[in-house]
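Peer 1: Would you mind keeping the following structure in view while I ask a few things?
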Ligand SMILES: NC(=O)c1ccc[n+]([C@@H]2O[C@H](COP(=O)([O-])OP(=O)(O)OC[C@H]3O[C@@H](n4cnc5c(N)ncnc54)[C@H](O)[C@@H]3O)[C@@H](O)[C@H]2O)c1
């Protein structure tokens, strides 16, 4: 029996990177997984691959910044698998500029995808989880909530906000036996990180010399921690931020 057998999970941003690794891991561990992503075709292909290899997954195109898309995604999960036990808020976007160069529309877009989306998904899932015995919500924040660099301000601001939101939601959700935790990944080998650095091989990534463990992380090294927080193995954890960064932010400089 898998660690998530009998659980129904929603994973956003599941078409690639950390979301894909989480979806694949959840399915291997026995969960029934609803996958959402703005890349509709890619996420449907992933669900088909999971199903072909014996897992249980279905997928829908979903812009997590859109109320109607999010509501439809959750409805699809209910119809396909029943009450939701696990919500992983993973989808995020970044636009790289100096602060004074963002248009207001660009700034608002990053905030909507990375922060408002957590409200849109959680407000629908909390009542369902509360009615059916509790659940686990995992937000993917970032090590950028701890230490950062110029040129990515709205992203960094949202990731700091996700950590605060995690604590506030944990307090509200605890009486309903819903745990809420977040993960702060460091540099992980996904399209988001690699494309921004000109697609150099991971071992030649400019951040490698700054990482005490000496390498970029793999998506499944985050997915494993998502699984831990999603499962009953972390039954006494709520309101926590879990840093998974190979030591990157332990430096003074
Ligand atoms: N890769 C890293 O180094 C790193 C580090 C820290 C935090 N993170 C966080 O991990 C999470 C996953 O990032 P990743 O590295 O896998 O990124 P990624 O860009 O490779 O994947 C993100 C996924 O989210 C989807 N997405 C983007 N906007 C969306 C929207 N509006 N609606 C629905 N889906 C949308 C994309 O299509 C993509 O499939 C994000 O929250 C990111 O901020 C990543």
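Peer 1: Count, please, the residues in segment 181-199 that happen to be within 14 Å of the ligand (Cβ to nearest atom) and without any contact (Cβ under 8 Å) to a residue 12 or more places away in the chain.
Peer 2: Going through segment 181-199 one residue at a time, the tally reaches 4.
Peer 1: Whether any residue in segment 127-137 is within 16 Å of the ligand (Cβ to nearest atom) and either loosely packed, with under 15 Cβ neighbours inside 10 Å or outside any helix (DSSP H, G or I) (or both) is what I want to check. Break it down stepwise before answering.
Peer 2: Taking segment 127-137 and keeping what is within 16 Å of the ligand (Cβ to nearest atom), we get 137.
When the remaining residues are screened for being either loosely packed, with under 15 Cβ neighbours inside 10 Å or outside any helix (DSSP H, G or I) (or both), the result is 137.
Yes, segment 127-137 contains at least one residue that is within 16 Å of the ligand (Cβ to nearest atom) and either loosely packed, with under 15 Cβ neighbours inside 10 Å or outside any helix (DSSP H, G or I) (or both).
Peer 1: State all residues of segment 218-228 that are in contact (Cβ under 8 Å) with a residue 12 or more places away in the chain and touching a helix residue (DSSP H, G or I) at 6+ places or on another chain (Cβ under 9 Å); if no residue qualifies, say none. Give the derivation first.
Peer 2: Within segment 218-228, the subset in contact (Cβ under 8 Å) with a residue 12 or more places away in the chain is 218-227.
Once the filter is applied, which keeps residues that are in contact (Cβ under 8 Å) with a residue 12 or more places away in the chain and touching a helix residue (DSSP H, G or I) at 6+ places or on another chain (Cβ under 9 Å), segment 218-228 yields 218, 219, 220, 221, 222, 223, 224, 226, 227.
Peer 1: Starting from residues that are over 22 Å from residue 63 (Cα atoms) and assigned to a helix (DSSP H, G or I), keep the ones in segment 93-126 and report whichever is nearest to the ligand (Cβ to nearest atom). Spell out the reasoning first.
Peer 2: Looking only at segment 93-126, we keep the residues that are over 22 Å from residue 63 (Cα atoms), and these are 97-101.
Going one step further and asking which of them are assigned to a helix (DSSP H, G or I), we end up with 99-101.
Details: 99: 18, 100: 23, 101: 21 Å.
Among those that are over 22 Å from residue 63 (Cα atoms) and assigned to a helix (DSSP H, G or I), it is 99.
Peer 1: When you look at residue 60, is it surrounded by fewer than 22 Cβ atoms within 10 Å (Cβ to Cβ), at pLDDT 95 or above, closer than 25 Å to residue 224 by Cβ and within 11 Å of the ligand (Cβ to nearest atom), yes or no? Let's see the steps before the verdict.
Peer 2: Working: surrounded by fewer than 22 Cβ atoms within 10 Å (Cβ to Cβ): yes; at pLDDT 95 or above: yes; closer than 25 Å to residue 224 by Cβ: no; within 11 Å of the ligand (Cβ to nearest atom): yes.
Against the criterion (surrounded by fewer than 22 Cβ atoms within 10 Å (Cβ to Cβ), at pLDDT 95 or above, closer than 25 Å to residue 224 by Cβ and within 11 Å of the ligand (Cβ to nearest atom)), residue 60 does not qualify.
Peer 1: Given the criterion surrounded by 22 or more Cβ atoms within 10 Å (Cβ to Cβ) and either part of a loop (DSSP other than H, G, I, E, B) or over 13 Å from the mean Cα position of the chain (by Cα) (or both), identify the matching residue among 25, 49, 76.
Peer 2: Within the list 25, 49, 76, the selection yields 25.
Peer 1: Right, another one. Determine if segment 169-180 includes at least one residue that is in a helix (DSSP H, G or I), in contact (Cβ under 8 Å) with a residue 40 or more places away in the chain and either within 14 Å of the ligand (Cβ to nearest atom) or buried (at least 20 other Cβ atoms within 10 Å of the Cβ) (or both).
Peer 2: Checked segment 169-180: at least one residue is in a helix (DSSP H, G or I), in contact (Cβ under 8 Å) with a residue 40 or more places away in the chain and either within 14 Å of the ligand (Cβ to nearest atom) or buried (at least 20 other Cβ atoms within 10 Å of the Cβ) (or both).
Peer 1: Something else now. So which residues in segment 229-253 are in a helix (DSSP H, G or I), surrounded by 13 or more Cβ atoms within 10 Å (Cβ to Cβ) and in contact with a helix residue (DSSP H, G or I) (Cβ under 9 Å, 6 or more places away or on another chain), if there are any at all?
Peer 2: Listed by number, the residues that qualify are 230, 234, 248, 249.
Peer 1: Here's a follow-up. Within the group 96, 102, which residue is in contact with a strand residue (DSSP E or B) (Cβ under 7 Å, 6 or more places away or on another chain) and within 20 Å of residue 155 (Cβ to Cβ)?
Peer 2: Values: 102 fails: in contact with a strand residue (DSSP E or B) (Cβ under 7 Å, 6 or more places away or on another chain).
Being in contact with a strand residue (DSSP E or B) (Cβ under 7 Å, 6 or more places away or on another chain) and within 20 Å of residue 155 (Cβ to Cβ) holds for just one of 96, 102, which is 96.
The values are calculated or read from the model by the stated rules, or taken from the named source; none is laboratory data. It should be emphasised that the depicted structure is a prediction, and the values quoted were computed from it without experimental measurement. All Cβ positions, even for glycine, are placed from backbone atoms using ideal geometry, and neighbour counts span all protein chains on display.
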